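Reviewing the structure listed below.
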Amino acid sequence: MALKSEIKVGIIEKFRKSDKDCGSSSVQIALLTENINKLSGHFDKNKKDNHSRQGLLKMIMKRRSLMKYLKKTDMSTYEKLIKELGLRK
């Protein structure tokens, strides 16, 4: 269940650092978060879909490692990203 290109472009536009940026850690985290939120809704209907659940867990771990890296390298961007995505409470 990939993201639609319009949604993906909108997320990249919002979180990129420069005009040609499409793969920075903040963009990757935002894209993963959108995908994770989409898959979470899928599991409300399909409780026994363990194959997709495994993919979801991989995405969560990838996002966690990217956030750990971002926190280590650029704390201000990390805090801004958390507020915009609503990840921590």
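The values are calculated or read from the model by the stated rules, or taken from the named source; none is laboratory data. No experiment lies behind these values; they were computed from the predicted model shown. No Cβ is skipped: glycine too gets one built from the backbone with ideal geometry, and neighbour counts run over all protein chains shown.
Can you tell which of ASP21, ASP44 is more than 20 Å from GLU84 (Cβ to Cβ) and of a type outside the set (Gly, Ala, Ser)?
Details: ASP21 fails: more than 20 Å from GLU84 (Cβ to Cβ).
Exactly one residue qualifies, and that residue is ASP44.
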(request) Within the range 55-67, identify whether any single residue is outside any helix (DSSP H, G or I) and within 22 Å of ARG88 (Cα to Cα), and answer yes or no. (result) no
(message) Condition first: exposed (fewer than 13 other Cβ atoms within 10 Å of the Cβ) and not polar (S, T, N, Q). Now tell me which residues in the range 70-86 satisfy that.
(response) LYS72, MET75, LYS83, GLY86
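Pick out the one residue from LEU32, LEU57 that is modelled with pLDDT of 95 or more, among the aliphatic types (A, V, I, L, M) and crowded, with 16+ Cβ neighbours inside 10 Å.
Details: LEU57 fails: crowded, with 16+ Cβ neighbours inside 10 Å.
Just a single option satisfies the conditions, and that option is LEU32.
Filter the range 8-29 for residues that are outside any helix (DSSP H, G or I), of a type outside the set (Ser, Thr, Tyr) and either within 19 Å of ASP74 (Cα to Cα) or touching a residue at least 60 places away in the same chain (Cβ under 8 Å) (or both) and give the result. Walk me through how you get there before you give the answer.
Of all residues in the range 8-29, those outside any helix (DSSP H, G or I) come to 16-24.
Restricting the remaining residues to those that are of a type outside the set (Ser, Thr, Tyr) gives 16-17, 19-23.
Within the range 8-29, ARG16, LYS17, ASP21, CYS22, GLY23 meet the criteria.
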(message) Out of everything in the range 52-81 that is in contact with a helix residue (DSSP H, G or I) (Cβ under 8 Å, 6 or more places away or on another chain) and among the aliphatic types (A, V, I, L, M), what residue ends up being farthest from LEU31 (Cα to Cα)?
(response) LEU70
(message) under 13 Å from the mean Cα position of the chain (by Cα) and closer than 15 Å to LEU87 by Cβ: which single residue out of LEU3, LEU56, LEU31 fits that description?
(response) LEU31
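Do we find that ALA2 is hydrophobic (A, V, I, L, M, F, W, C) and at pLDDT below 95 in this structure?
Numbers: hydrophobic (A, V, I, L, M, F, W, C): yes; at pLDDT below 95: yes.
When the stated conditions are applied, ALA2 passes them.
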